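Heads up, the thing below is written out as structure tokens.
Just so it is clear, none of the values below were taken in a lab; they were calculated from the coordinates. Note that the structure is predicted; figures quoted are calculated from it, not measured. So basically every Cβ, Gly included, is an ideal-geometry build from the backbone, and we count neighbours across all protein chains shown.
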Amino acid sequence: MYARMPDVAGTGWIAVMPIKRLELAKTRLRGAIPGIEHDRLVLAMVRDTLTAVRSCPVVRRALVVTDEPAMVAAAADLGAERVPDQPDAGLNAAFARGAATAAGSPVVALTGDLPALRPHELAAALTALGRHPRGYVPDATGTGTSMLAAAAGVDLDPRFGPGSAAAHEASGAVRLDGDWPSLRQDVDTVADLAAATALGLGRYTAELVAVAQYGGGRPR
């Protein structure tokens with residue numbers, strides 16, 4: 001587990017992460033780790049993402065938009081705040097709901113499928129935004145979005161979904177490029193999970209992979 005780094009003067013990003021009901025999330029990953037229930041894998045990836053976010057020196061608060069009971073408990077355990085979701089409202093509505101709660105602060109939108117995320121890479125990407133009002137980081141494929149950020153007082157205007165990188169650029173968000181492989185590597189497929197594993201998974205997802213590979217019983 002990453003150690004919490006000290007706060008940096010002049011920073012105060014609010015991270016927003018919407019989380020679906022576990023049984024509905026990441027359906028293409030079903031069976032990705034033999035012998036491990038799908039819900040446990042999804043929750044582990046969210047926990048690793050949130051742990052890294054909470055350890056980022058420029059993130060002041062983390063808001064999890066969810067109505068998933070297991071995630072409500074996990075968020076509290078990891079020092080995040082829960083924002084109630086609206087059933088069937090969709091991903092972008094959940095991002096907007098969380099951003100509205102953080103009004104007056106700069107907001108960074110992230111999905112909960114970045115189990116290899118390194119806090120310093122997230123900090124570097126947010127720093128790279130500079131004076132731009134909005135910016136995004138494309139995912140490893142170049143077509144999706146792994147991070148969207150908006151300065152204080154600027155509408156987040158999330159456009160996640162198929163082709164979101166182009167949609168965010170068309171909306172005026174600046175593309176942010178840097179050496180941030182762990183920030184770009186979201187996990188939707190078995191191949192994505194293998195790529196994240198090669199980068200180095202966070203504690204919770206790594207434990208599940210280790211159990212599947214080497215046995216040793218159910219991780220705590």
Quick one: order D155, D113 by neighbouring beta-carbon count within 10 Å, fewest to most. D155, D113
How far, in degrees from 0 to 90, does helix 203-214 lean away from the longest principal axis of the Cα atoms of the chain, to the nearest 10? 30 degrees
Go through the stretch 117-122 residue by residue and turn each phi into a ³J(HN,Hα) via Karplus (6.51, -1.76, 1.60, θ = phi - 60°); whole Hz please, and just put x for glycine and proline. 4, 9, x, 5, 6, 4
Taking Cα pairs under 8 Å and at least six residues apart, what relative contact order does the chain come out at, in percent? 24 percent
Report, to one decimal in Å, the Kirkwood hydrodynamic radius for the stretch 25-146 based on all distinct Cα pairs. 15.5 Å
Using amide H atoms built in the peptide plane, which far-off residues or other-chain residues are under 5 Å from L63 H to H? A15, V16, M17, E81
Along each of the three principal axes of the Cα atoms of the chain, give the extent in whole Å, ordering the values from largest to smallest. 50, 36, 34
Given a Förster radius of 25 Å and the C-beta distance between A152 and R175 as r, what FRET efficiency does 1/(1 + (r/R0)^6) yield to the nearest 0.05? 0.75
Ranking of F95, F160 by count of other Cβ atoms within 10 Å, fewest first: F160, F95
What list of ³J(HN,Hα) values in whole Hz, one per residue of the stretch 155-171 in order, does the Karplus curve 6.51 cos²θ - 1.76 cosθ + 1.60 (θ = phi - 60°) give from phi, with Gly and Pro shown as x? 4, 5, 6, x, 9, 5, x, x, x, 5, 4, 5, 5, 5, 5, 5, 7
